[in-house]
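Trainee: Sharing a structure, written as C-alpha cells. Questions coming.
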Amino acid sequence: MRERKYIPSEGTSSEIILWTIAELINHTSIFDKVRDEINSVVGSTRLVEKSDVANLPYFQAVAKETLRLYPPLPMTTRKCCHSCKIGGFEIPQETMVLIKLYAIMRDPNLWSNPNEFQPESFLVSSEKQESKKYKQDKTFSILSFGVGRRACPGSNLGLSMAHIAVATLVQCFDWKVVGDGEKA
C-alpha cells in the first residue's frame, strides 16, 4: 500500500476577500479612506480595473495588512538542508520543520500592535522604502504565500482577483454592521 502524505488545505482568494471586507466593515474610517482613494483614482463612472490597483497605495496597504493578520496558510513545512541550531535546539539535517507563519506575522518584534488592523504600517516614505535595511526587514515579515522558489505560483493571480473583488465591493456597496434589532 502506498503511503499517503497529508496536505493541508490551502487558503483561497475568497478567504482573503472575506477577511478584508470583514476588517473594513469593522473599521469604518479605513473603509472610507479606501473608498475615497478609489473614487479619486477611478471616479464613479467605471469599475476598478487591474491596472488601477498600482495607483491605490492605501488600498494595497489594506490588502497586505489583511494578509498579515489572516494568512491563507498559517503554517508551512520545510526540510533542513543542513544541521543547524534554532532557539537553542539542535536541528539535524533532513529534519522536517514546521514554520508557524501566523506567529511570524504577529511577532511584536516585527510589528507594533501586532494584533491590531493597521494598514498604515505598510505606508512608508519612498526614501525609507529605498533603504536596503527596510527591504531586508520587510521581505520576510509577510509570508502569506511563502517566499523564494517554494512560494505559491498562483499568488499573483489570487491577489489580483482579490484586489479587484474587494475594490469593486467597496466601490459599489455601502457596508455596515447591523445588530441589536437595528434595521438596515
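Values in this text are rule-based calculations from the coordinates and carry no lab data. This structure is a prediction, so every number in the text was calculated from the model and none was measured. Here Cβ is always computed from backbone atoms with ideal geometry, including for glycine, and neighbour counts include all displayed protein chains.
Trainee: Please order R35, R149, R46 by the number of other Cβ within 10 Å, starting at the fewest.
Mentor: Exposure proxy ranking, most exposed first: R149, R46, R35.
Trainee: List the residues, sorted by chain then number, that are 5 or more residues from I99 or on another chain and whose placed amide H is less than 5 Å from its amide H.
Mentor: T76, T77, R78
Trainee: Note down the nm distance, to one decimal, between modelled labels 7 Å out along Cα→Cβ at T28 and at N55.
Mentor: Distance between the two pseudo-spin positions: 3.0 nm.
Trainee: Using θ = phi - 60° and the Karplus relation 6.51 cos²θ - 1.76 cosθ + 1.60, list the HN-Hα couplings for segment 108-122 in order, rounded to whole Hz, with x at every Gly or Pro.
Mentor: Once rounded to whole Hz, the list reads x, 6, 9, 10, 7, 6, x, 9, 9, 7, 9, x, 4, 5, 9.
Trainee: Further, regarding this structure: Taking amide H atoms as placed 1.01 Å from N in the peptide plane, list the residues 5 or more away in sequence, or in a different chain, whose amide H sits under 5 Å from that of I91.
Mentor: Correct list: C84, K85, I86.
Trainee: Considering Cα pairs under 8 angstrom that are at least six residues apart, work out the relative contact order of segment 1-113 and quote it in whole percent.
Mentor: 22 percent
Trainee: Once both labels are modelled 7 Å past Cα along the beta-carbon direction, what's the R149-N109 spacing in nm?
Mentor: 2.8 nm
Trainee: Sort I164, I99 by Cβ crowding within 10 Å, fewest neighbours at the top.
Mentor: Taking fewest neighbouring Cβ atoms as first place, the list is I99, I164.
Trainee: Return the loop-located GluC sites (Glu not before Pro) in segment 44-114 (DSSP other than H, G, I, E, B) with at most 16 other Cβ atoms within 10 Å of their own Cβ; answer none if there are none.
Mentor: Qualifying residues, ordered by number: E49, E94.
Trainee: Kindly put Y58, Y70 in sequence by how many other C-beta atoms sit within 10 Å of each C-beta, fewest to most.
Mentor: Y58, Y70
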